[in-house]
Amino acid sequence: MGFRKKSKSPPVLSHEFVIQNHADMVSCVAMIVLLGLMFEVTAKFAIMFITVQYNVTQSLDTEDKPESVNYYKYGPKDIATVFFYLLIAIILHALIQEYILDKINRRLHLSKTKHSKFNESGQLATFYLCSFVWGCSILTNEEFVTNPTFLWEGYPHIHMAFQVKFFYICQIAYWFHALPELYFQKVRKEDIPRQLYYICLYIFHITGAYVLNLHRLGLVLLVPHYLVELLFHASRLFYFSDENKQKGFTLWALLFVITRLLTLTVSVLTFGFGLSRTDNQGFSLAEGNFNVLTVRMTCLSAICLTQAWMMWKFINFQLKKWREQSQIQAIKKKAVSPKSRPSKKDSRGESCLKYGIHKVERFHDPRNPK
């Protein structure tokens, strides 16, 4: 892990050396890109990595005077921007791990399994919190609350505000950065498939919404989903600190089901009724129009299958948890249950036996004068 002081440094360019110093190495690459802004020859290439590209200026006619507004589209240069902010995500990941999570782990003294899950939840909870607040601030400027038809009216939505495009750039960069972090964080082999599943699903859905000009729908679906995931990982962090704190999981389970139903409802409303009834039907890469039946059904099927898979995992998790709790309660009842009382005959026999033993002991006691 980067930013750590090690007593013994491993061989240069070995696996352990890369893992321990990956944040420092990535920081050097980011600094090289930033230094490129200082020279005129390299500035036009360096700025492509740092700033948001493809800005478009539109004039709005108002009563007083015309105003110009800057919007943004997507293009191949966004790959360079995603790469740069992927480097920033790796650096921030290492900072959170080094200065927050590792210090808490030393106090809790967790096992290896809980230690790995605690780090995962700590990183994801931080990301979900920032993304949820950022997404809510963007949606407050939109008309979805008062007019849900903005999800499909005027499609294709090729123009994005700066905050919307930068939000998607950071989202894609973060989930791509999670792939090399599986190596940098030494994730256990049995945990890699589970993490790969949800990382790839995030990349697929967020990139799909960005490329297909469905960024409005993507924002509306991501914000409540991030709230539910934030609650789950925050509850897991509290559970690792104190196993008696499990009330957060109950609220998470309720909101999880509601969010799945909300996602399906909004998706069916958008693809099944909204986009299918708009006037601008057709497929055009130049115009960014993907409003055809094949694309709509593919997107809707992908969302429905993902929600069904998540519900299946959720049901299995709840059943497993219920079985474990029932077994624990059964063991506690056996331990707490009172012992069976002896019958009257057994009690009389036991009293007679004790009396007889007492008489025999008195008879054989040499100190007894009788």
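The values are calculated or read from the model by the stated rules, or taken from the named source; none is laboratory data. Computed from a prediction, not measured in an experiment: that's the story for all the values here. All Cβ positions, even for glycine, are placed from backbone atoms using ideal geometry, and neighbour counts span all protein chains on display. All accessible areas refer to the heavy atoms of the entire protein, side chains included, with ligands and DNA or RNA removed. Shrake-Rupley method; radii C 1.70, N 1.55, O 1.52, S 1.80 Å.
Remark: pairs (first residue in region 98-114, more than 18 Å from Glu243 (Cα to Cα); second residue exposed (fewer than 15 other Cβ atoms within 10 Å of the Cβ) and not aliphatic (A, V, I, L, M); Cβ separation under 7 Å; 6+ apart in sequence or on different chains) = Glu98/Arg4. Annotation for region 225-234: at least one member residue is over 22 Å from Tyr74 (Cα atoms), touching an Asp or Glu at 6+ places or on another chain (Cβ under 9 Å) and either charged (D, E, K, R) or assigned to a helix (DSSP H, G or I) (or both). Being modelled with pLDDT of 90 or more and open to solvent by less than 70 Å² (accessible area, probe 1.4 Å) holds for only one residue in Phe283, Phe271, Phe238, and it is Phe271. Just a yes or no: is a residue in region 193-203 more than 28 Å from Asn70 (Cβ to Cβ), over 13 Å from the mean Cα position of the chain (by Cα) and either of a type in the set (A, V, I, L, M) or at pLDDT 95 or above (or both)? The answer is no, given that none of the residues of region 193-203 is more than 28 Å from Asn70 (Cβ to Cβ), over 13 Å from the mean Cα position of the chain (by Cα) and either of a type in the set (A, V, I, L, M) or at pLDDT 95 or above (or both).
Residue by residue, here is whether (1) at pLDDT below 90; (2) open to solvent by 90 Å² or more (accessible area, probe 1.4 Å); (3) under 22 Å from Asp78 (Cα atoms); (4) small (Gly, Ala, Ser) holds:
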site: Met1; (1), (2), (3), (4): yes, no, no, no
site: Pro11; (1), (2), (3), (4): yes, yes, no, no
site: Ile19; (1), (2), (3), (4): yes, no, no, no
site: Cys28; (1), (2), (3), (4): no, no, yes, no
site: Leu37; (1), (2), (3), (4): no, no, yes, no
site: Asp61; (1), (2), (3), (4): yes, yes, no, no
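Return yes when Ile303 is touching a helix residue (DSSP H, G or I) at 6+ places or on another chain (Cβ under 6 Å), under 26 Å from Arg260 (Cα atoms), part of a helix (DSSP H, G or I) and at pLDDT 55 or above and no when it is not. Criteria met by Ile303.
When Phe184, Phe176 are checked against the criterion of being aromatic (Phe, Trp, Tyr) and open to solvent by 40 Å² or more (accessible area, probe 1.4 Å), Phe176 stands alone in meeting it. Out of curiosity, is Ala80 out of contact with any Cys (no Cβ under 6 Å at 6 or more places or on another chain), more than 21 Å from Ile158 (Cβ to Cβ) and small (Gly, Ala, Ser)? Taking the combined requirement at face value, the residue does not satisfy it.
Does Thr259 meet the test of being over 29 Å from Leu110 (Cα atoms), without any contact (Cβ under 8 Å) to a residue 40 or more places away in the chain, part of a helix (DSSP H, G or I) and not hydrophobic (A, V, I, L, M, F, W, C)? Criteria met by Thr259. Taking (1) open to solvent by less than 30 Å² (accessible area, probe 1.4 Å); (2) at pLDDT 95 or above; (3) under 16 Å from the mean Cα position of the chain (by Cα) in turn, Leu231 satisfies each apart from (1). Residues that are without any contact (Cβ under 8 Å) to a residue 12 or more places away in the chain, in a helix (DSSP H, G or I) and of a type in the set (Lys, Arg): does region 190-197 have at least one? Checked against the condition, which is being without any contact (Cβ under 8 Å) to a residue 12 or more places away in the chain, in a helix (DSSP H, G or I) and of a type in the set (Lys, Arg), region 190-197 yields at least one hit. Is it true that Lys245 is in contact with a Phe, Trp or Tyr (Cβ under 7 Å, 6 or more places away or on another chain), at negative phi and not in a helix (DSSP H, G or I)? For Lys245, the condition - in contact with a Phe, Trp or Tyr (Cβ under 7 Å, 6 or more places away or on another chain), at negative phi and not in a helix (DSSP H, G or I) - is met.
Against the conditions (1) exposed (fewer than 15 other Cβ atoms within 10 Å of the Cβ); (2) among the polar types (S, T, N, Q); (3) under 21 Å from the mean Cα position of the chain (by Cα), Gln329 satisfies every one except (3).
Residue count for region 134-168 under the criterion of being within 15 Å of Leu275 (Cα to Cα), among the hydroxyl-bearing types (Ser, Thr, Tyr) and at pLDDT below 90: the result is 1.
Across region 115-131, the qualifying residues are those that are open to solvent by less than 60 Å² (accessible area, probe 1.4 Å) and without any contact (Cβ under 8 Å) to a residue 60 or more places away in the chain, and the one among them that is nearest to Lys165 (Cα to Cα) is Phe127.
Which ones in region 218-228 are within 10 Å of the chain's Cα centre (by Cα) and either open to solvent by less than 20 Å² (accessible area, probe 1.4 Å) or without any contact (Cβ under 8 Å) to a residue 40 or more places away in the chain (or both)? Listed by number, the residues that qualify are His225, Tyr226, Val228.
Being among the acidic types (Asp, Glu) and more than 32 Å from the chain's Cα centre (by Cα) holds for only one residue in Glu324, Glu287, and it is Glu287. Against the numbered list (1) within 27 Å of Asp24 (Cβ to Cβ); (2) open to solvent by 30 Å² or more (accessible area, probe 1.4 Å); (3) within 16 Å of the chain's Cα centre (by Cα); (4) not β-branched (Val, Ile, Thr), Trp134 comes up short only at (1).
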